[in-house]
Each structure stands twice: as structure tokens, then as C-alpha cells.
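Q: I'd like to ask you about the structure that follows.
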Amino acid sequence: MTMATTTDSIARRGHVPGTTPYPWPWNGVLDAERTAVLLVDALGAPPLDEVTARNAGVVVATVRSAGAIGIRVVTREPRRATPHPAPARMGGTDAAPPIPVDELISAVGVDGFFGSSLEAALRARGIERIILVGTWLETSVHSTMRTANDMGFECLLVADACAQLDAGIERSSISMIEMSGGIFGAVGHTADVVGTYAKAEGEPA
């Protein structure tokens, strides 16, 4: 697995606790300014359930507050792959307004990088690590994570901040990420990610 590194000696050091199959980030550098949190939004998916929406929202808000960039990536099935402005919808109900982010990017497939400006946006900001939340775990989130890893970004999937099309294959989807020592990255949970980056707020990134 190819991973980017940082030489910034003043970056806050540590790991998100409880990540599997290895402590994330691998080099112990929690540099929020070189981290992006991606809110993956599959076009046509229903709004996130209350618990998942709350988890995704708090992950995005906390990591952004620590200095990371938040990007909402709208993906779509190939047969619907006509580029157009991203709709304002992820989590958008009267009870749960859309989760705030810094940038909106629209892809033309289930992979957030396909036919989109996502890679360019990440490279322009010197991003090295990506935290992923959103819909759907088995399709858009998984595909985006695999491509990000191939491009050299170290990825963390926040399992309880992602919605599944089929809850029966959630374990298999996560296992595919964790196999071979973390072939596509690592898996963590909302409380641990939030606890780690909440501590980083106000500290040098």
C-alpha cells in the first residue's frame, strides 16, 4: 500500500484509537491541515438515518474545526452520469439540515474521483490523509476509498458514519478494507475520531 508522508516536525503526533487493522495514521502524524474529510453522497440515495447522519455530521464538523477541509462528493450511477451541479441534499430534512462542508464536487460514476476535480482539489491543498463518511458503504464510499489509496492517500473509513445498502454485507465490506494489513486503509468509529480531533482544536496542526 502506497502512503504519503509528511516532514512537518511541528505536526501533532498520535493515532486515532481503536482503528483496525493498524493504528491510523500509520506514521502517527495528526496534521489536520493535510487531512480531508469526504462526505460521499450517492445521488438518489434517501437521507441518512438519524444515527448515521448525526455521526457523519459530528465527524465532518470536528475534523474541519481542527483545520481539515471538508468536501462533499456527489456520486451517481453510470447510466445517470450527466454532469450537473450537485444538489443540496445529504442529510437535508427539516429535522437534519445539510451537513456543512467547504467544497462541493460532482463525479460522473460511483467513484468520487471519476470524471471529477476531486484529485486536483486534494493535491492543490497538499492533502495526505482522507477520512470518509456517507453513502453507500458498499459502492460509492468503497470505490472512492480504493481509488484514493491507489493515488497515495492514506484513508480512514468511519464505519458508523456510513450507510449500507445491505446491512448483511457490512462486515464483508469492512473486511475487504482490513485484509492484508489494511490494503485500502483503516477502519475506525465516530467517537474515537471525534475524540482525537477535538483534542487537536487550537493546537498547532
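Every number in this text was worked out from the coordinates using simple rules, so none of it is lab data. These figures come from a predicted structure and were not determined experimentally. Heads up, the Cβs are rebuilt from the backbone with ideal geometry, glycines too, and the neighbour counts pull from every protein chain shown.
Q: Which order do L122, L104, L38 fall in if you start with the one that has the fewest other Cβ atoms within 10 Å?
A: Fewest to most other Cβ atoms nearby, the residues stand as L104, L122, L38.
Q: Pop out the ³J(HN,Hα) list for the range 150-163 in order, Karplus 6.51 cos²θ - 1.76 cosθ + 1.60 with θ = phi - 60°, rounded to Hz; leave Gly and Pro as x.
A: Ordered by residue, 3J(HN,Hα) equals 4, 7, x, 8, 8, 10, 10, 8, 9, 4, 7, 10, 10, 8 Hz.
Q: Which ordering of L157, L165 is given by a fewest-first count of other beta-carbon atoms within 10 Å?
A: L165, L157
Q: Rounded, prolate or oblate: pick one for the range 43-199, where a ≥ b ≥ c are the square roots of the eigenvalues of its C-alpha gyration tensor, a/c under 1.5 means rounded, and failing that, prolate if a/b is larger than b/c, else oblate. Walk me through the intermediate numbers first.
A: Working: a/c = 1.12, a/b = 1.06, b/c = 1.06.
Cα axes put the range 43-199 in the rounded bin.
Q: Sticking with this one: Once the Cβ-Cβ distance between L165 and T20 is put in as r, and R0 is 30 Å, what FRET efficiency do you end up with, to the nearest 0.05? Before the final figure, lay out the partial values.
A: Numbers: r = 22 Å, r/R0 = 0.75.
After rounding, the FRET efficiency stands at 0.85.
Q: For the residues S65, S106, S175, S140, what sequence is obtained by ranking on other C-beta atoms within 10 Å, fewest first? Write down the numbers at each step before the final one.
A: Values: S65 15, S106 22, S175 12, S140 29.
In increasing order of surrounding Cβ atoms, one gets S175, S65, S106, S140.
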